[in-house]
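These notes are about the structure you will find just below.
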């Protein structure tokens, strides 16, 4: 599918999309540095977790490992 065909298909989908989908598409495509609406405690927690990750990136679990742990609990 060529670029023109893709653009035409995207425009057709956008015409049928609901508000949530339109906002999602806009947020994906709009080049901006939007700041999430977070309180200072949330920002601090994200920064703490990122710092821990940078010190030892291998310490975390893969998504598959997390799903398996959750499945075992249920």
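No lab work stands behind these numbers, since they all come straight from the coordinates. These numbers come from a predicted model, not from an experiment. Cβ placement follows ideal geometry from the backbone for every residue including glycine, while neighbour counts extend to all protein chains displayed.
Things to note:
- Correct option for Cα extents along the principal axes in Å [calculated from the coordinates] among [x] 28, 27, 21; [y] 45, 34, 26; [z] 31, 30, 23: [y]
- Between residue 14 and residue 69, the modelled labels are 4.1 nm apart [label points 7 Å from Cα along Cα→Cβ].
- Taking label positions 7 Å along the Cα-Cβ direction at both residue 21 and residue 38, the computed distance is 3.0 nm, reported to one decimal.
- Dividing the alpha-carbon radius of gyration of region 35-74 by the rule-of-thumb value 2.2 N^0.38 Å gives 1.55.
- Degrees separating the helix 40-55 axis from the principal Cα axis of the chain, which is the longest one: 70 degrees
- Against the main long axis of the alpha-carbon atoms of the chain, helix 63-73 sits at an angle near 70°.
- Angle between the chain longest axis and helix 3-16 axis [Cα atoms, degrees, rounded to 10]: 80 degrees
- Dividing the summed -39500 (n - 2.57) terms of all DSSP H runs of n ≥ 4 by the residue count of the chain sets its mean residue ellipticity at 222 nm at -22500 deg cm²/dmol.
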